[in-house]
Structure formats: C-alpha cells, structure tokens
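Read-outs throughout are calculated quantities, based only on the coordinates presented, and are distinct from any laboratory measurement. Keep in mind that this is a model prediction, so the values were computed, not measured. Every residue, glycine among them, receives a Cβ derived from its backbone with ideal geometry; neighbour counts consider all protein chains shown.
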Amino acid sequence: MRNLLYIVALLLLLQPAAAPADDVIKIGLSIKIIRNANGNLPTGVVPARVESLLLSAFNELVVGYRRGHRFEYAGPITEIGGPDPNGPSQWYDAEWSSCPGIRSAALADPNAYAWHSSAINVYITNAPGQVAVLCPFKQSNPIIVVERNSAERAMDYFHEIGHYFGLCHSHGCGCGACVPNQTGVCFTEPGDDGIDDTLADAGCWNADQIAQHHFGTSFSNLDAANQERVVDAVQNVMSYRSLRTRLTEEQLDVWADYASTMYSNVADGRTYFVATNGSISGTGRSTHPVDTVTNGVALASRDGNDIVLLRPGVYHETPTIQRPVTLRATRAGPAIIGLPRSPPGPSSCPASSPICCEIGPADTCLLCIPMGKHCP
Ligand SMILES: [Zn+2]
C-alpha cells in the first residue's frame, strides 16, 4: 500500500505544472541584477528591497484598474554575472542603449542570463542613470533594462510594462521628454497615442494647458467628469510626468489584448471581451468583442484561468455556464445579465427607456426603465 501511495504521489508530481484556476490572471515577472567580474552588485542596489517593493506597487495599481490582472514573481530575484568576461558581467555598466545587446546575449545563452520564457524579463545594471527602457516594442521577447538609480522607482518599471503590453506614450507615440524652449508636436502641440479615450497631450503641458486645449478654460473651471479626464492625462502611466498612476479604459483594453495574444506567454489566462454591440463571429479581442455572455464563455478555455469581460449594458440572456470561468464588469459601468427583452410591437418601451420590467395585458409594458438601471 505504501508503494502504491508512493507511485500515486510520484505520478502527481510528474503532471505538468498547470496554473491553479482562480479569479485573476497572473503576469509573471523575473528580475535579474547584473554583477561585475568581481561579484559586486550595482552600487546601492539591494535585491531584497527591490523585491519587496515592486510587486506590492504594481498590484496596488492593477487592483484599482479592475481588469483582474495581478503580478507575481516567476522566481526569486536572480543575481547574474561573475568572472566570465564574455558572460552577463560584460553588461555591468551598460546604459539603457545597450538593451538590444543584452537581449541578444540573453536569448543566445538563456541559462547564464536566467531567461524566463513565461515572465517579463528585467535586467538591472550599474549605469549611474535614472532610466528604464523596453526593447523591442511590439516584437518578440522584449526585455526591460533598468539603470541603477531607477532600481527602486517602481513606476519607472511599470511605465515600461505599459510599453510591453503595446502602449505608446500618452503624449504621442514618437514623443519623449519635454525639452525647454522646444516648440511644436510632442512639446507644445499634442502628439497621437492611437487611443481614443485619452485626451491629446503634449510633453510640456500642465493640467491648465490640457484643459485650455480641449475645453477652452482652466482646469478649475471644469466639471468633475472633465477634471477626471485631465487628471487621467496628467497622471497617466504612459506620460513622462513624475506622478504616474492612471490608465484609461482603452489603454487597459490594449494591455489586455497584448496579454491575451502576442505576449500570452507571460500571463496565465486570457481576457475575452463581450459587448452588446459585439458580433457573433467576434474574436473576443477588445476591437472585436462577441455579442453575448454565452459566446464569451465559449471562447474561454476549460482550465478556469480566463476572464470574460463584459462591457456595460444589458445582456438579455440566461446563460448556462458549464466551465470554470470568471465574469467581470469594468470600471466603465455595470453589466446586467438575464433581464427579459421588452415585448415587440407598438406597446414596447421607447428608445429612451428600452427595458421592460413588467408586462401587462396584451403585451403592453407597464414599467419601462433606462439602459443600465435595475428593475425595482
Ligand atoms: Zn516610455
């Protein structure tokens, strides 16, 4: 009997390491710190401090975004490098511009560079700057290189993770930092980030200048909703300003699409979008959502790690869900499942209040309510 138990236990251990089903999508993170040939770490970089600060900072942000993403380390922070002059220690003093060289070397010798195929690979060097960079953008196997003075600046990493998941700078894809006295696009005129719900922004603008450009008045004169839109721009993760915590719904859509397709290797589940104006033949990407909860669930894998993300609206269906899957609404508004449709014909509800809560004689509707409201 003991032998049998042993065999069963061994068989269990031999099973592939499937991620446990849960209600979040975990994004793997693998941090490497480059030592020099003498074994020294980058000046002032304390691995334990970096390790303890990054995950909590990232997860505090993604919890607030309400898309069900969480970060986790793919393993402990790894120190690489050492005596071999042709090994990782050759990059000890490398600046951000060496990103492509570090990436090529890591892909050529994954063991020496502690490459992790299912995590975002980050390399911290001893360059005395305060820069983090991602390379290449929207191509296979990107890496993030962090110079030593950014090693404890969580938002410098997080901005690069935004690039990892397909996001441009919110003040324009080809734009960088504000340069004093420089004028024109990127500096005093807005660039384009390809995202519809971010306000056009320029690298040298402040909140008042953004408000003036879009609304013709100062920030303090705006209503609360438009002030929020300006703050979304000023504090955008993908801007170059000092306080960066925000991503808009459409930026999060792009993030979810890249994490579900090109870079699905670093996430343990995928996001499938459902919208009331979606299509039966939608792919579930944010740009091609499916039309019903039932069709969204059908796209989700049976391992329980995927999220079906419901855009705001009323889904007139009573789905039977027979696989483990997480349904989520977004910050943009509630998603209501199961309300009956208004009866057809002249007695149905008007377009301004299209949901019928109570059907009377001859299919007349006794109580119509607006979209997005609950029947009493
Ligand atoms: Zn950037």
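Would you list which aspartates and glutamates come within 20 Å of Lys32, measuring only between C-alpha atoms, while excluding same-chain residues fewer than 8 positions from it?
Once the sequence-local aspartates and glutamates are set aside, what remains near Lys32 is Glu51, Glu72, Glu79, Asp84, Asp93, Glu95, Asp109, Glu147, Glu152, Asp156, Glu160.
Angle check, please: helix 2-14 long axis (alpha carbons) against the longest principal axis of the chain (alpha carbons), in degrees 0 to 90, nearest 10.
So the helix axis and the longest Cα principal axis differ by about 90 degrees.
Could you give the C-alpha radius of gyration of the stretch 270-338 expressed as a fraction of 2.2 N^0.38 Å, taking N as the number of residues it contains?
0.96
If amide H atoms are built 1.01 Å from N in the plane of the peptide, which residues on other chains or at least 5 residues away come under 5 Å of the amide H of Ile120?
HN-HN under 5 Å from Ile120: Gly28, Leu29, Ser30.
With axes computed from alpha carbons, what is the tilt in degrees of helix 47-65 against the longest principal axis of the chain, rounded to the nearest 10 within 0 to 90?
The angle comes out near 10 degrees.
Dimensions of the chain along principal axes (Cα, Å, largest first)?
Largest to smallest, the principal-axis extents are 88, 80, 31 Å.
How large is ³J(HN,Hα), in whole Hz, for each residue of the stretch 276-293 in order, when computed from phi with the Karplus curve 6.51 cos²θ - 1.76 cosθ + 1.60 and θ = phi - 60°, using x for Gly and Pro?
Values, residue by residue: 5, 9, x, 10, 4, 9, x, 8, x, 6, 4, 7, 9, x, 7, 9, 9, 4 Hz.
Antiparallel as a % of all DSSP beta bridges within the chain, to the nearest 5?
Looking only at bridges with both residues in the chain, the antiparallel portion is about 25 percent.
Enumerate the calculated ³J(HN,Hα) couplings along the stretch 315-329 in order (Karplus 6.51 cos²θ - 1.76 cosθ + 1.60, θ = phi - 60°), each rounded to whole Hz, writing x wherever the residue is Gly or Pro.
Those phi angles translate into 9, 7, 8, 10, x, 9, 9, 10, 9, x, 7, 10, 9, 9, 8 Hz.
Which ³J(HN,Hα) values in Hz, rounded to whole numbers, follow from the phi angles of the stretch 139-149 under the Karplus curve 6.51 cos²θ - 1.76 cosθ + 1.60, where θ = phi - 60° and Gly and Pro get x?
10, 5, 6, x, 10, 10, 10, 10, 6, 4, 7
Going by alpha carbons, how many degrees (0 to 90, nearest 10) lie between the helix axis of 99-108 and the longest principal axis of the chain?
For helix 99-108, the angle is close to 80 degrees.
Going by average Cβ density within 10 Å per residue, which order do the peptides 187-196, 220-229 take, highest to lowest?
187-196, 220-229
Where does each of 300-307, 117-124 land if you order them by average Cβ count within 10 Å, highest first?
117-124, 300-307
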